[in-house]
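Below: one structure, written as structure tokens.
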Amino acid sequence: MNESEPLMMDDLNAWFASRPNWLQEAANLLFTKGRLEAGDIDALLDKCLREVDSEDVTTTASFPADFFHAKNAFVLRLCTIGNVKGINALAPRSPLDLGPGNMAIVYGCNGSGKSGYVRILKHVCGSRNPGTLHPNVFADDGAVQSADITYSSDDQERQVTWSCSDGVQADLRSVDIFDTECGRMYLESESEVTYEPPSLLFFSDLIAVCEQVAQRIDGKLGRHPSQKPQMPAEFADTMAGKWYSSLSATILPGDIATHTKWGNDDDRYVIDLEKRLAEKAPADRARELLAKKKHVEEMVRGIENHLADLSVDNCRRILKLKKDKLIKREAAKAAATKVFSGAPLEGIGTDAWKLLWEHARRYSEDYAYPEQAFPHLASDAKCVLCNQPLSDDARKRLASFEEFVKGQAEKDAKAAEKALEDAMAAIGDIPTDQAIKTQCDAAGVTYEGEVPPVAASVETLRQRKAKLLDVESEDALPDIPDCTSWLQETKNKASEYADAAKKCQEDAASDTRPQLQSQLRELKVRKWISEQRDAVKTEIVRLRAVERLNKAKRLTDTRGISRKKGELAEALITEAFVQRFRDELTALGASRIKVELVKKRVDHGHVLHELRLANARSGAPRDVLSEGEHRVVSLAAFLADVTGKQQPAPFVFDDPISSLDQDFEESVVQRLVRLAEDRQVIVFTHRVSLLVLLQECSKREGREPKVTCVRCEPWGTGEPGDTPLFAKKPDRALNALLNEHLAKARKAHAEEGQAVYAPLAKAICSDFRILLERMIECELLADVVQRFRRAVNTQGKLGKLARITAEDCKFFNDLMTKYSRYEHSQPDEAPVAPPTPDELKTDMEALQDWRTDFIARPLVRV
């Protein structure tokens with residue numbers, strides 16, 4: 001621990017003490033467990049929510065003293081890639097074996113499947129910008145994109161069947177892959193440091209925890225979608241509409257009750273406003289309303305008068321008048337009986353008789369004796385009924401009749417009859433059902449059914465009046481109907497007409513329509529909101545839940561952690577990263593290139609750097625550097641980045657020397673071989689020169705690389721196979737020709753004849769000739785010079801050249817001459833037949849014997 005670390009620890013502990021309590025708990029869990037599980041994240045989410053609710057969740061996080069010290073990392077190796085399906089044109093029948101050593105070389109021509117394997121690794125290991133993993137676009141069989149990956153971790157072999165939907169394999173995330181896209185990323189964009197010390201990795205993990213908790217909060221927020229009904233657009237600028245649009249978690253229940261209140265009076269007011277606004281001529285409407293009011297008042301007055309006329313007291317009075325009439329008529333009858341007892345005819349004094357008497361009076365006074373009192377009883381007077389002279393007896397009888405008619409008893413009887421007749425006449429005619437219906441229609445009084453409900457009450461009044469003269473007591477009459485409710489409603493209707501008429505008169509006197517329209521819209525939106533009362537309450541509950549979750553999410557904000565990580569990264573990463581970049585440029589022979597690596601910024605806890613031209617006034621590296629310089633600089637940045645890791649994870653390089661010249665190429669090879677000292681290095685290439693250089697450099701370092709050749713077969717690309725002859729040691733290549741290739745040709749010669757054998761033999765001849773060249777380079781000339789290699793190696797080798805004899809030269813000259821013939825076209829008149837299997841075996845065994853003898857010769861000291 002350096003001197004600054006105690007101060008850094010104190011600052012870090014003080015900084016954490018000011019963080020949210022749940023975050024301190026998360027830090028403690030990361031200290032103790034290293035990796036959090038789903039249950040831990042759920043518990044932290046619960047703690048975060050309880051912290052929002054102001055519950056007591058106090059926690060203190062503190063860092064251990066060795067917090068900045070690196071921990072031991074496990075050793076990771078990639079072993080095989082096989083059973084590839086649905087990825088590019090790859091269809092290997094055998095897995096690609098990367099061997100047990102630290103250096104693996106996968107050689108193949110263009111289109112042999114190398115890049116397909118690299119793409120698989122980029123997706124499996126989580127490389128940045130891995131690109132799209134395409135199927136075989138020429139023969140897509142719809143297979144699920146998958147592959148079997150075998151790897152070892154601390155010498156424990158594991159296998160995973162990976163599919164494209166599985167994403168990155170966590171155990172292989174530390175594998176680093178360099179290709180053209182990776183190089184471009186270092187030069188053309190900000191680059192994040194791949195390796196992080198444990199302290200910064202802790203901050204990255206803590207940021208990841210914050211993001212996981214935030215994701216869970218987002219999930220909960222997603223389960224709280226608003227169910228608030230959409231308010232009609234025309235209400236948006238009303239006061240009530242603005243309140244509805246701005247619902248928030250802070251609205252109190254009393255506010256909800258106030259803004260969602262609605263009653264019958266409000267409904268009536270809305271109807272009234274609509275009617276007022278619908279009127280195009282308010283003055284005419286006012287007159288119409290007043291006319292209806294008058295009809296209502298007349299109808300009410302009529303019903304009230306009938307109820308008063310047929311009230312108990314009035315009916316009792318009329319029945320009393322009827323009784324008085326009967327009594328007085330009886331008294332008059334008694335008086336008449338006394339007067340008319342001697343009359344020769346019956347019925348004297350009856351009503352018919354009285355009527356006749358009154359007519360006789362009118363006739364006498366108007367016509368017969370106009371100036372004489374009735375009855376005229378002079379001597380010459382005649383009877384006005386029979387026109388006969390009056391006898392004395394007749395005169396006496398007429399005088400007694402008149403005396404009776406004008407008598408008090410008769411007067412009283414007539415007065416009583418008149419009083420009863422007037423009382424009944426005062427009741428008046430009670431309207432029929434049709435008349436009532438007509439009145440209601442004229443008054444605008446609505447009703448259900450064919451007739452108004454008051455018609456039943458009126459019918460009772462008619463019956464009461466009709467029976468009034470037939471009964472002796474009011475108890476025998478139908479009960480008086482209760483019209484109180486109908487009368488009150490109808491009177492209210494009259495008041496409404498009066499109020500409406502007044503408003504129409506006001507409207508006619510002044511233009512208040514804009515204000516009325518505004519009032520109507522405000523009322524309508526209030527009614528609409530009242531209908532959403534339950535939805536408003538539900539929305540407030542939702543908003544409170546959402547506000548709680550948003551407060552919790554604000555506690556997961558990573559900006560403070562990122563800033564703190566950036567402060568630490570300045571001391572722990574940036575300087576070391578920049579120095580490693582300089583060292584890598586030197587190791588790759590590119591120190592003359594004027595570029596520098598500088599820290600750019602910190603984003604969500606990720607320290608970003610970029611490459612710049614050193615001391616340049618303008619321009620970016622990608623615009624100024626040559627293609628080869630571009631490649632070597634990006635490779636240096638990549639190596640500076642990933643070599644900072646403490647874990648010995650594999651490095652994968654896809655054609656790392658593309659565009660490099662001989663000097664850069666050799667420097668890169670030497671750097672890759674040095675990398676293989678403590679970790680696995682896998683190189684995919686199509687360049688023979690790189691293959692040879694890697695083999696030679698590895699050999700000098702005492703390591704034998706695993707070389708695999710991939711090729712394109714009829715069933716697909718990526719098929720692993722034996723290394724080409726020029727890549728094998730001569731003795732191994734000779735054994736392969738003799739024991740494998742020749743054995744197959746011998747079998748074809750014996751079973752299928754010359755036609756099948758000839759092309760196989762010609763191929764063996766060609767390979768044997770190439771082998772002779774390799775034998776001359778590696779054995780006869782002691783590997784002093786080689787094709788595809790720039791250097792001439794003499795150390796410890798020149799003494800071997802002294803073993804060469806003239807017989808050796810003749811031996812190789814004869815074999816080269818013989819087998820060169822099969823490399824050229826043959827004359828038609830003298831074709832050269834391919835050698836027989838036995839002849840080939842003899843020559844190959846002769847070469848084996850020569851090598852054994854040559855190696856056994858004593859070495860000449862020089």
Suppose only helical runs count, i.e. DSSP H with n ≥ 4. What mean residue ellipticity at 222 nm does that imply for the chain under -39500 (n - 2.57) per run, divided by all residues and rounded to the nearest 500 deg cm²/dmol? -17500 deg cm²/dmol
Could you work out how far apart the two model spin labels at Lys551 and Leu221 are, taking each label as a point 7 Å from the Cα in the direction of the beta carbon, and quote it in nm? 1.6 nm
Quick one: ranking Trp357, Trp262, Trp715 by accessible area, 1.4 Å probe, largest first, what do you get? Trp715, Trp262, Trp357
On the first, second and third principal axes, largest extent first, how far apart are the outermost C-alpha atoms of the stretch 459-590 in Å? 139, 45, 23
How much length would be gained if the chain were fully extended between Trp715 and Val784, taking 0.36 nm per residue of separation minus their Cα-Cα distance, in nm to one decimal? 20.7 nm
Using a Cα-Cα cut-off of under 17 Å, which aspartates and glutamates could be cross-linked to Lys411, ignoring same-chain neighbours fewer than 8 residues away? Asp324, Glu330, Asp351, Glu358, Glu402, Glu403, Glu421, Asp422
Show me, for the stretch 672-688, the HN-Hα J-couplings you get by feeding each phi into the Karplus relation (A = 6.51, B = -1.76, C = 1.60, θ = phi - 60°), rounded to Hz, glycine and proline as x. 5, 5, 5, 4, 6, 5, 10, 7, 6, 10, 10, 10, 9, 8, 10, 9, 5
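Using the beta-carbon distance between Thr180 and Leu252 and R0 = 60 Å, what value does 1/(1 + (r/R0)^6) give for FRET efficiency, to the nearest 0.05?
About 0.40, to the nearest 0.05.
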Whole-percent carbon and sulfur share, accessible surface of the chain, 1.4 Å: 50 percent
Of all DSSP beta bridges in the chain, what percent run antiparallel (nearest 5)? 65 percent
Inter-part gap, Cα centre of the stretch 458-500 to Cα centre of the stretch 90-140, in whole angstrom, is 104 Å
Solvent-accessible area of Tyr369 with every protein chain in place, 1.4 Å probe, in Å² to the nearest 10: 50 Å²
Candidate lysines for bridging to Lys122, where Cα separation is under 24 Å - those fewer than 8 sequence places away on the same chain excluded: Lys85, Lys114, Lys645, Lys706
Once you wrap a convex hull around the alpha carbon atoms of the stretch 386-455, what is its projected area averaged over all directions, in nm²? 9.3 nm²
5 Å is the cut-off here: which amide hydrogens, built 1.01 Å from N in the peptide plane, fall below it relative to Ile177, excluding neighbours closer than 5 in sequence? Val652
³J(HN,Hα) computed for each position of the stretch 97-113 - Karplus, 6.51 cos²θ - 1.76 cosθ + 1.60, integer Hz, glycine/proline x: 8, 9, x, x, x, 8, 10, 10, 10, 10, 9, x, 6, 4, x, 8, x
Extension gain (nm, one decimal) between Arg35 and Glu304, 0.36 nm per residue minus Cα-Cα: 87.5 nm
Given a Förster distance of 30 Å, report the FRET efficiency between Arg158 and Lys645 from their Cβ-Cβ distance, rounded to the nearest 0.05. 0.90
Where labels lie 7 Å past Cα in the beta-carbon direction, separation of Lys706 and Lys85 in nm: 2.5 nm
At Gln505 and Ser820, where each label point lies 7 Å from the Cα along Cα→Cβ, what is the point-to-point distance in nanometres? 13.4 nm
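Computed FRET efficiency, Cβ-Cβ of Lys382 and Ser495, R0 45 Å: what is it to the nearest 0.05? Walk me through the numbers on the way to the answer.
Numbers: r = 72 Å, r/R0 = 1.59.
Efficiency for this residue pair is about 0.05.
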When each pair of different Cα atoms in the chain is counted once in the 1/r mean, what is the Kirkwood radius in angstroms, to one decimal? 41.2 Å
Hey, can you grab everything whose amide H is under 5 Å from the amide H of Gly111? Only 5+ residues off in sequence or another chain; H modelled, so Pro and N-termini drop out. none
At 0.36 nm per residue, minus the direct Cα-Cα distance, what do Thr350 and Leu133 gain on full extension? Give it in nm, one decimal, please. 65.0 nm
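The values are calculated or read from the model by the stated rules, or taken from the named source; none is laboratory data. Here the structure is a predicted model, which means the values were calculated and not measured. Note that we place each Cβ from the backbone using ideal geometry, even for glycine, and neighbour counts take in every protein chain shown. These area figures cover heavy atoms from the full protein model, side chains too; ligands, DNA and RNA do not enter into them. Shrake-Rupley method; radii C 1.70, N 1.55, O 1.52, S 1.80 Å.
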